[in-house]
Amino acid sequence: MPEVDSRQYLFAYLIRSLEDVPADFPIPAGDDGFRLGLFLPRDEPDWFGRSAYPTRVLLLSGGAIVILPHPKTREPVIRIPLQQLLFVEAGHILLIGWLRFVEKGVEHKLPYNTRSGRSVEEFLCILREEYLPATLNLSPCGSFGFGESLDLKFHNAEYFELDTGERVLFHFFSPATKKIRKHWIFRWESWVPGDLVALTNRRVLWITDRVQERYAAYGTVTRFAPVRSLVQLTCRRTAETCALSVKFSSEASWSIPLPLERQAEAQRFAEGGGSVVR
C-alpha cells in the first residue's frame with residue numbers, strides 16, 4: 001500500500017478506536033485507551049503548498065486533552081489536564097472556526113473549517129461530560145431571566161449549546177444594538193455586539209457575537225467553565241460604560257462590556273447569580 005499522508009485529508013472526523021487513527025499519527029504510550037478522538041485537517045494550502053495551520057489529532061485520554069500535531073511539523077505533543085483547564089472557547093464566523101483551550105499562563109488555539117463543524121460539536125459534547133460534572137442542589141433564586149428577551153440568533157445558540165439534562169438557572173441578555181452617529185451631512189452606522197451570560201447546573205456560559213471587539217453578524221463565540229469554579233459576579237461602571245465581571249477560583253476572569261442602559265439589569269443578574277456561589 002502507498003504511504004499514508006493524512007495531510008491530504010480534507011474533512012474532520014471522530015476517532016473512536018485505534019483503527020480510526022491515521023497510520024502516520026503515532027499514539028503516545030499510555031494514550032491508546034483514549035475515550036474519543038478528533039481528526040482536524042490542515043488549512044487548504046496556497047500556491048506554494050503552505051497552510052495556515054497543520055493537521056492535528058485531539059484525544060480525550062486519562063482526564064486530559066492531548067493535542068497531536070502531524071509528525072512532519074516536528075511540533076511537541078501538548079497535554080492539558082482537565083483539572084488545569086480554566087475555560088474552553090469555541091467560535092465560528094461563516095467558514096472560519098476555532099477551538100481555544102486556556103490554561104494558566106498559556107492558551108492553545110486550533111483553527112478549522114466549519115464544514116467540519118458536526119464532528120467538532122460531537123467531540124465537544126463528550127469533552128463537556130468529563131470537564132463539566134453536574135453540580136447538585138443548585139436552584140434559582142428570584143427571576144429566571146434578566147435583561148432583554150433572547151432574539152432568534154441567541155435563542156438558537158443557547159438551545160443548541162445545552163446538553164441533555166443541563167438546565168439554565170439564571171441568564172442575562174444584552175442584544176446587539178445599532179448606533180447612528182451624524183456630523184453635518186455625514187452619517188455612520190455601527191453595532192454594539194450582543195452578549196448572553198448564563199449559569200447552568202454545570203457551567204458558566206458566555207455566548208457573544210463580539211470577535212476581537214467587533215460585531216460579527218454571522219458568527220458567535222462561546223466560552224464555558226465549570227460552575228463550581230465561579231467565585232464572584234459583579235457589575236462595574238466607568239464614566240461611559242459598564243462591564244459584567246465573572247471571576248473564577250482559578251484566577252481566570254471574564255470582563256463583558258455592556259452599554260450603560262444595561263447596568264441595572266446586569267447588577268440584578270450579578271446579585272441573583274451570586275447566590276449560586278454563596
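Nothing in this text is a laboratory measurement; each read-out follows from the coordinates by a stated rule. Small disclaimer: the values here were computed from a predicted structure and weren't measured. Every residue, glycine among them, receives a Cβ derived from its backbone with ideal geometry; neighbour counts consider all protein chains shown.
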Discussion item. So for the range 145-276, averaging the separation of alpha carbon pairs under 8 Å that are six or more residues apart and normalising by length, what relative contact order in percent results?
Written reply: 19 percent
Response to the item:
Under 5 Å from the placed amide H of Phe87, counting only residues 5+ away or on other chains, we find Val102
Worksheet, complete the sentence: So the FRET efficiency between Glu121 and Ala252, C-beta based with R0 = 25 Å and rounded to 0.05, is 0.60
Practice prompt. Go through the range 113-118 residue by residue and turn each phi into a ³J(HN,Hα) via Karplus (6.51, -1.76, 1.60, θ = phi - 60°); whole Hz please, and just put x for glycine and proline.
Written response: 8, 5, 5, 9, x, 5
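Only loop residues by DSSP count here, and only those with at most 10 other Cβ atoms within 10 Å; note down the GluC sites (Glu not before Pro) in the range 184-249 that meet that.
Hits after loop and neighbour filter: Glu213, Glu240.
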Worksheet item: Between Tyr13 and Glu271, what length comes free when the chain is fully extended (0.36 nm per residue of separation minus the Cα-Cα distance, one decimal in nm)?
Response: 88.6 nm
Worksheet item: Could you give the angle, 0 to 90 degrees to the nearest 10, between helix 263-273's Cα long axis and the longest principal axis of the Cα atoms of the chain?
Response: 60 degrees
Worksheet, complete the sentence: Helix 152-161: inclination vs the chain longest Cα principal axis, degrees, rounded to 10, gives 50 degrees
Worksheet item: In nm, to one decimal, how far is the modelled label at Asn156 from the one at Asp5, with both set 7 Å along Cα→Cβ?
Response: 3.9 nm
Practice prompt. In nm, give the distance between the simple-model label positions of Glu148 and Trp191, each being 7 Å from the Cα along the Cα-to-Cβ direction.
Written response: 1.2 nm
Discussion item. Can you tell me, using C-alpha contacts under 8 Å and at least 6 residues apart, the relative contact order of the range 50-185 as a whole percent?
Written reply: 13 percent
Worksheet item: So what is the relative contact order for the chain, in percent, with contacts set as C-alpha pairs under 8 Å and at least six apart?
Response: 13 percent
Practice prompt. Between Val168 and Lys72, take the C-beta separation as r, use R0 = 41 Å, and let me know the FRET efficiency to the nearest 0.05.
Written response: 0.35
Item to complete: Along Cα→Cβ, 7 Å out, is where each label goes; now give me the distance between the ones at Ala217 and Asp32 in nm to one decimal.
Response: 5.4 nm
Practice prompt. Using just the alpha carbons, could you tell me how many Å³ per residue the convex hull of the chain encloses?
Written response: 163 Å³
